[in-house]
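Below is one structure, written out as structure tokens, with a few remarks after it.
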């Protein structure tokens, strides 16, 4: 057992399924060939007809009795062993690459095999071939694979890959047969899900929460979408448990209505308190304004930011704040902690908030995290082994945004469009890749460009990540600005109702998820809007596909496709996992099957 642990450690594996996923790099096949194929390795029974030594080389004439023709072999690295082995009249099983020269069969340095009819897998690992073979023979048998969760057919395919009855059973002209690859994908998904499941830790809740949402839902001036209702129902079931503190992430596309889910959760927490932490003052303020607008007036709400405070922080039913909450000496005791744009906070900050909210020894507050960065459904399936995941893939209203790729010759027409939007009382956003000039980026920076815009238009505002007053400027722009010049600081969250046109400079340099978040700034109130992707390198296939795709979840899938798949994202659930067989952009059905298998096995 100690020896097995040592070998597994050297291979950097911990499970039998991971051992099964170390596939042979090639196979040594000693089955007699049924035909002669030039340029391919062949195995033949051969009789030595003639032997001659020429300049240190040994030339042997063989007769292939099964094919009734001669084959000439040359040995360049000869020893007395070769001269003793290949005597006239002796019979051998020879193996080597067959070539045709002057219509004669040739073979260079063939091997003389001691046994035939055997296929031996070759592995490229840190272990010796003999150690790998011993591991495979010891652990890769049907009973073990069934115990690991594979079915009979899958186990047989895995065994065939490592102990093939014949090469045709596992290989075709392009390599491993498709059904073998599909099985390896399934094994990789199942193994990864099983490992994630062991990492999840559940704690009892401080208390069960069963507050009534109807006073909130009945006074809304609109109906929630079916997905919003589904997520609210899932949270209701989470919060009603006392034996298990909720740990859920709600992922919703731009404008999908996550705020309504937040406010419904506040209602469920009553008569107990809830708290929400947002990454910026602007987001905290927007959430505060919406809470005041839509929650019943009987509910007290407080805002806690460094620059501004509203309401009674100590006694409020619902506290909204920024990371300034982490510096309060005492937070009121809460039963529900919510974190908006959770990936903008470190794990430590999220844990700190939970601790400050008086989580009791051995018990935890219910926690719900929210993110506006859509993830592929495949990733959501994986992540839900660590934390419950809800996706909101639809929006309450259809956003009418046209996405267009442009370059320098289109700039004059673009200026005309900008003037029209401003005349209509709308706002324009121009996003630059850099604040200051750089030799490495072939585009003007924000600072280089601002003079151009300020000369031609009134009420031009400028902000970026290093601007200490950026939140005040964004608030002022929202009220009275016409054009905003910014970097991707504008990416997440801020609501600019009058914004109808965005220009993203150097769009091909940005990730698709970032482009989608930026595009999500326009058309928030149903106004006809435009997103211009300004690039020196048009046409661009990646940008073309982005322009034709509106769903953030489809964008996330596209992003995986163009990044060659494999990365699991997100701050909490980061695993850095890269898959060898699984394609996270394409293999949703395989991951769903592995997840269902795992769920059945533990029922």
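The values are calculated or read from the model by the stated rules, or taken from the named source; none is laboratory data. Nothing here was measured: the structure is a model prediction, and the numbers come from that model. All Cβ positions, even for glycine, are placed from backbone atoms using ideal geometry, and neighbour counts span all protein chains on display.
Summary table below
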read-out: Matching option when the condition is touching a residue at least 24 places away in the same chain (Cβ under 8 Å) and in contact with a helix residue (DSSP H, G or I) (Cβ under 8 Å, 6 or more places away or on another chain), among 74, 30, 15; value: 15
read-out: Condition met for residue 570 (assigned to a loop (DSSP other than H, G, I, E, B), modelled with pLDDT under 75 and not assigned by TED's automatic domain parsing to the domain that holds residue 372); value: yes
read-out: Odd one out for residue 498 among (1) modelled with pLDDT of 85 or more; (2) over 30 Å from residue 188 (Cα atoms); (3) crowded, with 20+ Cβ neighbours inside 10 Å; value: (3)
read-out: Members of the range 211-254 found to be touching a strand residue (DSSP E or B) at 6+ places or on another chain (Cβ under 9 Å), assigned to a helix (DSSP H, G or I) and closer than 21 Å to residue 386 by Cα, listed by number; value: 230, 231, 234, 235, 238, 239
read-out: Residue that is farthest from the chain's Cα centre (by Cα), among those in the range 418-438 that are farther than 16 Å from residue 488 by Cβ and surrounded by 14 or more Cβ atoms within 10 Å (Cβ to Cβ); value: 422
read-out: Residue check for residue 37: under 27 Å from residue 164 (Cα atoms) and either more than 41 Å from the chain's Cα centre (by Cα) or not in a loop (DSSP other than H, G, I, E, B) (or both); value: yes
read-out: Residues of the range 194-224 classified as surrounded by 12 or more Cβ atoms within 10 Å (Cβ to Cβ), over 30 Å from residue 13 (Cβ atoms) and within 34 Å of the chain's Cα centre (by Cα), total; value: 7
read-out: Residue count, the range 439-455 (criterion: exposed (fewer than 12 other Cβ atoms within 10 Å of the Cβ) and free of Cβ contacts under 8 Å to residues at least 60 places away in the same chain); value: 4
read-out: Meets criteria (surrounded by 14 or more Cβ atoms within 10 Å (Cβ to Cβ), over 24 Å from residue 165 (Cβ atoms) and in contact with a strand residue (DSSP E or B) (Cβ under 8 Å, 6 or more places away or on another chain)) for residue 71; value: yes
read-out: Pick from the range 305-339, criterion modelled with pLDDT of 90 or more and over 18 Å from residue 211 (Cα atoms), ranking: nearest to the chain's Cα centre (by Cα); value: 339
read-out: Unique match (being assigned to a loop (DSSP other than H, G, I, E, B) and free of Cβ contacts under 8 Å to residues at least 40 places away in the same chain) among 160, 155, 134, 208; value: 208
read-out: Residue within the range 239-254 that is touching a residue at least 40 places away in the same chain (Cβ under 8 Å), outside the structural domain of residue 495 (by TED's automatic domain parsing), surrounded by fewer than 19 Cβ atoms within 10 Å (Cβ to Cβ) and under 20 Å from residue 317 (Cα atoms) present; value: no
read-out: Residue 131 vs. criteria at pLDDT 90 or above, over 14 Å from residue 44 (Cβ atoms) and either exposed (fewer than 11 other Cβ atoms within 10 Å of the Cβ) or out of contact with any strand residue (DSSP E or B) (no Cβ under 9 Å at 6 or more places or on another chain) (or both); value: yes
read-out: Hits in the range 1-34 - residues which are surrounded by 14 or more Cβ atoms within 10 Å (Cβ to Cβ) and not in a loop (DSSP other than H, G, I, E, B); value: 7, 8, 11, 16, 17, 18, 19, 20, 27, 28, 29
read-out: Identity of the residue in the range 253-285, out of contact with any helix residue (DSSP H, G or I) (no Cβ under 8 Å at 6 or more places or on another chain) and under 19 Å from residue 325 (Cα atoms), that ends up modelled with the lowest pLDDT; value: 283
read-out: Residue among 392, 368, 387 that alone is in contact with a strand residue (DSSP E or B) (Cβ under 6 Å, 6 or more places away or on another chain), surrounded by fewer than 20 Cβ atoms within 10 Å (Cβ to Cβ), touching a residue at least 12 places away in the same chain (Cβ under 8 Å) and within 30 Å of residue 199 (Cβ to Cβ); value: 387
